[in-house]
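The values are calculated or read from the model by the stated rules, or taken from the named source; none is laboratory data. All of these numbers come straight from a predicted model, not from anything done at the bench. Note that each Cβ is placed from the backbone with ideal geometry, even for glycine, and that neighbours are counted across all protein chains shown. Remember, those area values only see protein heavy atoms, side chains included, never the ligands or the DNA or RNA. Shrake-Rupley method; radii C 1.70, N 1.55, O 1.52, S 1.80 Å.
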Amino acid sequence: MLSGSRLRQEDSAPRIVEHPSDLIVSKGEPATLNCKAEGRPTPTVEWYKDGERVETDRDNPRSHRMLLPSGSLFFLRIVHGRRSKPDEGSYVCVARNYLGEAVSHNASLEVASKCLAVFLSRWVLI
């Protein structure tokens, strides 16, 4: 028990109720990795990519990644270059409150090659 606070019966540790799914996205397109957590008090959500904390608009207003109120991670556009691939990787969301933390399943975000992007866009149109 934390000093100076009392555990209330209705309080509960976080749990992930919607896990993110693997994504294949074209460079420059928007994307969303979903994550929804429950708990009381309402847990805070942070995202990690390949073990490193993801910087969002809450850390840097100019970031192209936004933490949505639901806990999902929204990319205004997928950034991917020859030398730098800052969005491609393996992601997890972590929900925390004073009773503990819950970690989602891993979800990979891959950037589609030009050939795959053309195939996917044609497939979606059918």
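What to note about this one:
- Residues of region 13-35 that turn out to be within 11 Å of ALA102 (Cα to Cα) and among the charged types (D, E, K, R), as a count: 1
- Looking only at residues of region 76-98 that are more than 11 Å from LYS49 (Cβ to Cβ) and open to solvent by less than 20 Å² (accessible area, probe 1.4 Å), we find that the one that is modelled with the lowest pLDDT is ILE78.
- Screening LYS27, LYS49 for residues that are touching a strand residue (DSSP E or B) at 6+ places or on another chain (Cβ under 6 Å), within 12 Å of VAL92 (Cα to Cα) and charged (D, E, K, R) leaves exactly one candidate, LYS49.
- Residues in region 36-69 that are exposed (fewer than 14 other Cβ atoms within 10 Å of the Cβ), under 23 Å from SER12 (Cα atoms) and among the polar types (S, T, N, Q): 1 in all.
- Residue selection: LEU33 satisfies the criterion of being crowded, with 18+ Cβ neighbours inside 10 Å and in contact (Cβ under 8 Å) with a residue 24 or more places away in the chain.
- Annotation: SER26 fulfils all but one of (1) modelled with pLDDT of 95 or more; (2) of a type in the set (S, T, N, Q); (3) open to solvent by less than 50 Å² (accessible area, probe 1.4 Å); the unmet one is (1).
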